[in-house]
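The values are calculated or read from the model by the stated rules, or taken from the named source; none is laboratory data. These numbers were taken from a predicted model, which means no experiment stands behind them. Ideal geometry is used to build each Cβ from the backbone, glycine not excepted, and the neighbour counts take in all protein chains shown.
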Amino acid sequence: MTSRRAFIKSGGLALFGIGFGGVPAFVAKAAAVKKMSRLYKKNKILVCIFQRGAMDGLMAVPLFNDAYLKSARPSLFMSAAKDTKTAPVIDLDGTFGLHPNMKSLEPLFRSKQLAIVHGVGSPNNTRSHFDAQDYMESGTPFTKSTDTGWLNRASGLLGHDGSPFRAVSLTNSMPRSFYGYNPSIAISNLQDFALQMKSNPLAANATAKSFEDLYDQASSGLLKQTGKETFDAVKMLDNLDTKNYTPANGAEYPASPLGNALKQIAQLIKLDIGLEIGFAESGGWDTHYNQGTENGTFGRNILDFSNSIAAFWTDLGSLQDDVTLMTMTEFGRTVKQNGSGGTDHGRGSCGFILGNDVSGGKVHGIVHPLAIENLEDGRDLAVTTDFRAVFSEVADRHLNINNDAVLFPGWEGKKPGVMR
């Protein structure tokens, strides 16, 4: 008979297009046998946001006193002075600033909950969005053949039988980070509970087989011995009133894809059904044209990005101790603006790490003055921190994963000290 461990590891949950009232009758019956109670031990939770399109780290967190940056960006440079035509950059430490539309994150930086890593990126110098994202999400920047994602491997290293909701992506399809043999699901919207497991090429066949077996053997007691916790979790999520959810502590999420995704991740955290890795995406960062300052494309995106994260953190309240949020983007933008008022594909960018176990209130990493002799290929912010160093440290310290050989095979680097 199939064991619970084998059932979970073979794909766990693969219910396609389930909505309210759509849980199969035998599943609902199995879930209703006992009164609902907390099913899973509370664990730490990592939430990742991928900024797809390559975010301009020098606009999000500029070196606002750098003379070369000012001359290289005549219409994009933003000063910390209050008498300029654009809103002033928020001065963090006399060297680095925050884009003015990121003011909702300033209090988190001042309270030392928010850390920034600058000059972070991939050691692979590709400027292809597809390749760079693939390398970052697989965690193997020089190997195209890797068939699993680093977050899926992280899920497998957690060291215990997990909830079917251990790894959840609030996206329309399964992100590359979640590809692999450990159970993970993509939910486009909790209100219609549309699970997109079929986008995971490694888990789809095994998952379909699991549920085929499950249906065939339900009458023989397989549910009781292998699937009860899975179905209890399904029933709990199905009973969640997502439509009328009211964020706590006055949190106001933007009505945007990222805002909605983070709001739903907060709901899953509060439901306490075993979420340990959450994933969301933010698009629109490929700013080749009309990048603008506070009112342009970048300004609108960074406002939504910042306000969504701030709302999520406010909404968590006392649960902040259990959560660390980390952002990533495939590469940065050129130091010099182009002739279309934008910036082209570059190298280094910056990432944000938020949590109560973060070494916050600092801009980590090495960023040399942006003189042309310090630029990578004479045009880009140099990558001085390998993204694997950041991802590994956060996973190690927050999720208690200490196996870089599996998490990032072939990498043996120094960690930047972003966690306490």
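Tabulated values for the structure
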item	result
Restricting the stretch 66-102 to residues that are of a type in the set (Lys, Arg) and part of a loop (DSSP other than H, G, I, E, B), the residue that is modelled with the highest pLDDT	Arg73
Residue under evaluation Ala389, criteria (1) within 22 Å of the chain's Cα centre (by Cα); (2) crowded, with 24+ Cβ neighbours inside 10 Å, criterion not met	(2)
Within the stretch 328-340, tally of residues that are surrounded by fewer than 24 Cβ atoms within 10 Å (Cβ to Cβ), in a strand (DSSP E or B) and either in contact (Cβ under 8 Å) with a residue 60 or more places away in the chain or within 15 Å of the chain's Cα centre (by Cα) (or both)	1
Pairs, first within 28 Å of Arg127 (Cα to Cα) in the stretch 341-370, second in a loop (DSSP other than H, G, I, E, B) and acidic (Asp, Glu), C-beta under 7 Å, six or more apart	Thr343/Asp56; Val363/Asp93; Pro369/Asp66; Leu370/Asp66
Filter result for the condition that a residue is touching a residue at least 24 places away in the same chain (Cβ under 8 Å), crowded, with 22+ Cβ neighbours inside 10 Å, aliphatic (A, V, I, L, M) and not in a helix (DSSP H, G or I), over Ala280, Ala266, Ala261, Ala310	Ala280
The stretch 346-404, residues that are in contact with a Ser or Thr (Cβ under 8 Å, 6 or more places away or on another chain), in a helix (DSSP H, G or I) and not aliphatic (A, V, I, L, M)	Phe387, His398, Asp404
Subset tally (residues that are assigned to a loop (DSSP other than H, G, I, E, B) and not acidic (Asp, Glu)) for the stretch 144-186	26
Output for the stretch 253-286, where each listed residue is out of contact with any strand residue (DSSP E or B) (no Cβ under 7 Å at 6 or more places or on another chain) and among the polar types (S, T, N, Q)	Ser256, Asn260, Gln264, Gln267
Scan of the stretch 241-263 for residues that are closer than 14 Å to Leu170 by Cβ and modelled with pLDDT of 95 or more, ordered by number	Tyr253, Ser256, Pro257, Leu258, Gly259, Asn260, Ala261, Leu262, Lys263
Sole residue being among the aliphatic types (A, V, I, L, M), within 30 Å of Ile269 (Cα to Cα) and at pLDDT 95 or above, chosen from Leu354, Leu375, Leu370	Leu354
Residues satisfying the stated conditions in the stretch 405-414, i.e. part of a helix (DSSP H, G or I) and either closer than 21 Å to Asn43 by Cα or touching a residue at least 12 places away in the same chain (Cβ under 8 Å) (or both)	Val406, Leu407
